[in-house]
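Here's the structure, in structure tokens; my notes come after.
The values are calculated or read from the model by the stated rules, or taken from the named source; none is laboratory data. From a predicted model like this one, the values you see are computed outputs, not experimental measurements. With ideal geometry, Cβ positions are generated from the backbone for all residues, glycine too; neighbour counts draw on all protein chains shown. The accessibility values were calculated without ligands, DNA or RNA, using every heavy atom of the protein model including side chains. Shrake-Rupley method; radii C 1.70, N 1.55, O 1.52, S 1.80 Å.
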Amino acid sequence: MLRSLWTSASGMIAQQTHLDVVTHNLANVNTQGYKKRRADFEDLMYQIWREPGSPIEPNSLVPTGVQVGLGTRVNATPSFQTQGNFQITDGPMDWAIVEGNAFFQVTMSDGTIGYTRGGSWQIDDEGQVVDENGLLLEPAITIPQDAVDIQLSPTGIVSVRIANETELQELGQIQLARFINPAGLRAVGDRVFVQTDASGEPILGNPGEDGMPQVRQKVIEMSNVEVVEEMVEMIVAQRAYEANSKGIQTADDLLRIANGIKR
């Protein structure tokens, strides 16, 4: 009876984590470039009362055996790097990666490289292109103070028009990064991921070349969270949590009956 109590408790803990993942997705439904996550479960160890294949007669074996599981747990929360919806803006520094799976690169405060799908860029006091948290775009691009127009080509070339000039001045080339296993990246917050052993080394390239997606100006990629799907997942988590709590109540009732036999 105690086994069923702990088994049901493991189910309640797992469903609480499931709900945590769902509510995090819903909380970021309007976060630019956010990639939704999913809770994956695995069963725990088993107590083997009778091994499958154990001999019971000279020419006969146990076909299935007796194996009693001890519950479940969340073993992974993979992210889904599918394309989010696009929002058209009038901002010349709003850039989006389209038609593929890749990341902008930013220089972190410790000098390492981070990767983001957020495309709302700003210009700091030195004219450098930074994200909303002040992280520098990598490779760095500096906008002149007398620039009156900023243009981004689909292949990632950043150009400006200087005051009183008609020709565009090319400033630099955006470089994107993609990974063989983007789900293996580690999220550090602020829409930034960092490389891990699971993600593999970054594959760098210019937009529109060697399989890299193109980029677009005056467009922002929004979250890829589908509210309806998350609401269904919330209902599933709630009902599973409730079912596991019923298991605890039933086990408790059986223990109470057993304790009351000698009265």
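Couple of notes before you dig in:
- Taking segment 180-202 as the range and being in a strand (DSSP E or B) and open to solvent by 70 Å² or more (accessible area, probe 1.4 Å) as the test, only R186 passes.
- Where G118 falls short, out of the listed (1) in a loop (DSSP other than H, G, I, E, B); (2) open to solvent by 40 Å² or more (accessible area, probe 1.4 Å): (2)
- Taking segment 48-103 as the region of interest, none of the strands (runs of 3 or more DSSP E) fully inside it holds 2 or more residues being of a type in the set (D, E, K, R), touching a Cys at 6+ places or on another chain (Cβ under 7 Å) and at pLDDT 90 or above.
- Yes/no for T7 being surrounded by fewer than 17 Cβ atoms within 10 Å (Cβ to Cβ), farther than 30 Å from E221 by Cβ, over 24 Å from the mean Cα position of the chain (by Cα) and β-branched (V, I, T): no
- Search result, residues across segment 121-138 that are open to solvent by 40 Å² or more (accessible area, probe 1.4 Å) and either within 17 Å of R178 (Cβ to Cβ) or part of a loop (DSSP other than H, G, I, E, B) (or both): D124, D125, E126, E132, N133, G134, E138
- Unique residue being over 15 Å from E233 (Cα atoms), surrounded by 15 or more Cβ atoms within 10 Å (Cβ to Cβ) and not aromatic (F, W, Y) when the list is N59, N28: N28
- Contact annotation: residue pairs with Cβ atoms under 6 Å, 6 or more positions apart or on different chains, pairing a residue in segment 189-201 that is free of Cβ contacts under 8 Å to residues at least 24 places away in the same chain with a partner that is open to solvent by 40 Å² or more (accessible area, probe 1.4 Å) and part of a strand (DSSP E or B), are T196/R186.
- In the condition set (1) more than 30 Å from I13 (Cα to Cα); (2) in a loop (DSSP other than H, G, I, E, B); (3) touching a Leu at 6+ places or on another chain (Cβ under 8 Å), V215 is compliant with all but (2).
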